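Down below is the structure, laid out as structure tokens.
The values are calculated or read from the model by the stated rules, or taken from the named source; none is laboratory data. Since we're looking at a predicted model, the values are computed, not measured. Note that each Cβ is placed from the backbone with ideal geometry, even for glycine, and that neighbours are counted across all protein chains shown.
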Amino acid sequence: MVFKRVSWLVILATLVWTAPAFAQEPRVELSLLLGWSISDGVSGDPVITGDGDIFDQIDPKDSFKWGLMGGVLLGDYGNAEVGFMFSQQLSTLQATGTSTLDIGDMTVSSYHGYFGYNFFENDAKARPYVFGGLGATSYGGVDYTRRNGAAGHINGETQFSTTWGAGVKFYAGNVGARIGLQFTPTYIKSDAAGYWCDPWYGCYLVGDPQYSNSFDISGGILFRF
């Protein structure tokens, strides 16, 4: 019982001692982001339609994107940052080749944990930043209408992805703004590219990986706590 009381007193004293420091130096940042995504997809075997068009590429269409981002600043000057980001692109799945065909509406959602670095000190009015993250990108299912009028559906898919970005944050007290660029490559598939042979281990079929890439420019409002 005495040990529990002492433990609670230590915890309470620690909270009381550190509360002013956290009040003076915000360590949590939450951001709402709006932007535009330039996207590409992957190529495949040519498909010839009934009217003679040939399609060999499928892509998400460039479109509007929104996101949420939350991070905790670490270190004496808040330079290091760890956090999580979510973004969603409201896109259309396109097939391209001898012509371009809009297949149907598709959402592309990304989930990434990230580590970042903020330049200058925590009380600076503007702070450039860089970050990199690991996570997944989810391509939502697509409903479409076949040429004969029947309904069709393409199943969604989730794949591993990384994300990389840089930009600048601007502060006015505990409210601010940010603008930045972000690049997210998502692994989709590998195409057979031939054989690689080793004198000790023999020959192996090697693949040529294909990625669906998105390059985003975005900005938004930022809150510090």
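A few remarks follow.
- For the stretch 152-177, the set of residues classified as within 26 Å of Ala124 (Cβ to Cβ), buried (at least 16 other Cβ atoms within 10 Å of the Cβ) and among the polar types (S, T, N, Q) consists of Thr163 only.
- Qualifying residue in the stretch 178-189 (condition: over 27 Å from Val42 (Cα atoms), at pLDDT 55 or above and surrounded by 15 or more Cβ atoms within 10 Å (Cβ to Cβ)): yes
- Any hit, the stretch 155-165, residues being at pLDDT 95 or above, charged (D, E, K, R), within 22 Å of the chain's Cα centre (by Cα) and in a strand (DSSP E or B): no
Here's the yes/no breakdown for (1) modelled with pLDDT of 95 or more; (2) within 25 Å of Ser31 (Cβ to Cβ):
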{"residue": "Phe86", "(1), (2)": "yes, yes"}
{"residue": "Leu90", "(1), (2)": "yes, yes"}
{"residue": "Tyr117", "(1), (2)": "yes, yes"}
{"residue": "Glu121", "(1), (2)": "no, yes"}
{"residue": "Phe131", "(1), (2)": "yes, yes"}
{"residue": "Ala136", "(1), (2)": "yes, yes"}
{"residue": "Thr145", "(1), (2)": "no, no"}
